[in-house]
1. Between residue 303 and residue 37, take the C-beta separation as r, use R0 = 30 Å, and let me know the FRET efficiency to the nearest 0.05.
2. Sorted by packing (mean other beta-carbon atoms within 10 Å per residue), highest first, where do 111-122, 312-323 land?
3. Ranked highest first by the average count of other Cβ atoms within 10 Å around their residues, in what order do 257-265, 231-239 fall?
4. Using the Cα gyration tensor of region 140-233, with a ≥ b ≥ c the square roots of its eigenvalues, what is the shape: rounded (a/c below 1.5), prolate (a/b larger than b/c) or oblate (neither)?
5. Could you state the number of Å between the C-alpha centres of region 282-346 and region 118-185?
6. Modelling each spin label as a point 7 Å along the Cα-to-Cβ direction, I'd like the residue 290/residue 146 distance in nm, to one decimal.
7. How are the alpha carbon pair distances in region 231-290 distributed across 10 Å bins from zero to the largest one, expressed in percent?
8. Go through 127-135, 284-292 and give me the packing order, highest mean Cβ count within 10 Å leading.
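Just so you know, all these numbers are worked out from the coordinates, no wet-lab data involved. For clarity, every value in this text was computed on a predicted model and none was experimentally measured. FYI the Cβ positions are ideal-geometry reconstructions off the backbone, even for glycines, and counts take in every protein chain you see.
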Ligand SMILES: Cc1ncc(C[n+]2csc(CCOP(=O)(O)OP(=O)(O)O)c2C)c(N)n1
Ligand SMILES: [Mg+2]
């Protein structure tokens, strides 16, 4: 196993970013933050139903990692997925409409908060089953390798998903096939109310998990969007286009799959109903002081990339963009019942083909 060491400050990939690219990162993080605040409000007003998990506090992870990859690289995430979709470029109107159960939502209103999909932006969900997206990511990465594409698959998972069998089976395959895959663990230290130290072996050093499967390991500060960018840029360049001798590829290229421990923190509860008895207010406040949005703003002000007035203007713009998304979702038509029978099979047959319900049990007995 290889471990990525910290980059020398003068060779940081983020030093190559233009002022416009840095400002785009700030805009995306602000958009996610404001989107999540309105999501909470609309959930409390019962406009949004089902399970809903906010990304507030973790914005730098999705934004920094997505910026380091190409738009054509497939991305897949767990259920705390609003930030990943917005970082990938999903229109906030389609994201909000999805949660409102509207037919113009990104999954036609059938997926809700936990199942954001966006084919044009290569976002493959949003998955509610903890760890369920990891085998799918292996499939995506295998497809890239099989078709000899110059891409890398980016798979986000929570620290809790590290204890799912499917994650380990997937990492094993990623290791032996040297897949072009980055396993990005959003280590916010909690799985619902369970601290990582109580539920995960070797929690203090996750590099051993990567070592077990021969994956290159890296760790980064997930509260610093530029540190996230640096780590994922350096890794993606080496993972991209990885090939495997045992699968007949000659020559063997790339470093194969990688595993990143992204150390982050969620500022809000696990889901919309969480009394948060498992952590202290002081702990939350301590991490809120490291808010990635404030940190990037400060850096950009110090480097004279922007002014306080410009930051406030961007914030006002994204707030309006989110208000427009809520208006759009409110006015969009609800998902019709017939949609229950579409998108079930890749090649619909019988009643599904006609867009009608299959016979219900009662009908069959008649
Ligand atoms: C297979 C499975 N087991 C249990 C659950 C219930 N569950 C939902 S979220 C969650 C915690 C996951 O924590 P983590 O992976 O760290 O993600 P985070 O919520 O911190 O983003 C659990 C156990 C589930 N959705 N799927
Ligand atoms: Mg977690």
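1. Working: r = 28 Å, r/R0 = 0.92.
Computed FRET efficiency for residue 303 and residue 37: 0.60.
2. Details: 111-122: 19.8, 312-323: 15.6.
Highest to lowest by the protection proxy: 111-122, 312-323.
3. Values: 257-265: 26.1, 231-239: 22.4.
Answer by packing, highest mean first, reads 257-265, 231-239.
4. On the way: a/c = 2.08, a/b = 1.40, b/c = 1.49.
Judged from the Cα gyration tensor, region 140-233 comes out oblate (a/c at least 1.5, b/c at or above a/b).
5. 26 Å
6. 4.1 nm
7. Bin by bin from 0 Å, the calculated values are 17, 28, 17, 18, 15, 4.
8. On the way: 127-135: 20.1, 284-292: 15.3.
So the peptides 127-135, 284-292, ranked by packing, come out 127-135, 284-292.
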